[in-house]
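K.L.:
For reference, the structure I am asking about is given below.
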Amino acid sequence: IRFSVAEGANPATVPLTVTYSQPDTYNEQWQDIALKINLSEIGISYVYTATFMFNGQIIGTDEFRPDDESLDYPEVEQKPYYNWVWDEHELTSQDITVEGRYVPVEYLIRYYNGDILVASDKYTVETKPEQIVLPEVPAKDGYSGKWESFELGTSDIDVHCVYTLNAYTATFIYDGKVIGTDSFTVEDNAL
């Protein structure tokens, strides 16, 4: 026997009366029906509805009982570079609405100085290149550093620091006059 409880009623206290008359109660095959009730075995199971929503539209429903482990979620179209997630919800003693949404897959940008990880950042297919803030380049005496160029894609990215030698000029002065100049770097042993 399945029935609905009026809105606002307390399902734990709703009186239920089942009546039928014998001998004129039959099933579809015109066989007599005998109703036998064992009050010690009667258990009432309340059924509630989960309504699944996306962008304000109903995309499915499922009936559940509060002691169910999970819901039967509707199939959702998969989108490349996005994961589908359902907002957190509990199976309580009431109807529930469950919102779903697409969440972009996150990828990592890892910044290395040699083999040392200096920093990392996350990006998605929705990230614009101008939104990426590069970390400060680690200082190295006698060198100028910059991060190698890269493009955002759909995978993790390793970016390495590239150093170039700074060129310095030595000026030789004798008796107040410049008598020569020479260029050098921190890697030179002598002028």
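Rule-based calculations on the coordinates, nothing more; no lab input. It should be emphasised that the depicted structure is a prediction, and the values quoted were computed from it without experimental measurement. FYI the Cβ positions are ideal-geometry reconstructions off the backbone, even for glycines, and counts take in every protein chain you see.
K.L.:
May I ask you to list the trypsin sites (Lys or Arg not before Pro) in region 92-146 that are in a DSSP loop and have at most 15 other Cβ atoms within 10 Å of their Cβ?
P.N.:
Answer in residue order: Lys140.
K.L.:
Over the alpha carbons of region 92-173, what is the largest minus smallest coordinate on each principal axis, giving the biggest first in Å?
P.N.:
Rounded to whole Å, the extents work out to 91, 22, 20 Å.
K.L.:
Further question: Over the Cα atoms of region 70-119, how large are the radius of gyration and the largest Cα-Cα distance (Dmax), in Å?
P.N.:
Final numbers for Rg and Dmax: 18.4, 58 Å.
K.L.:
Determine, for region 62-191, the count of lysine pairs separated by eight or more sequence positions (or lying on different chains) whose alpha-carbon distance falls under 27 Å.
P.N.:
Going through region 62-191 pair by pair, I get 5.
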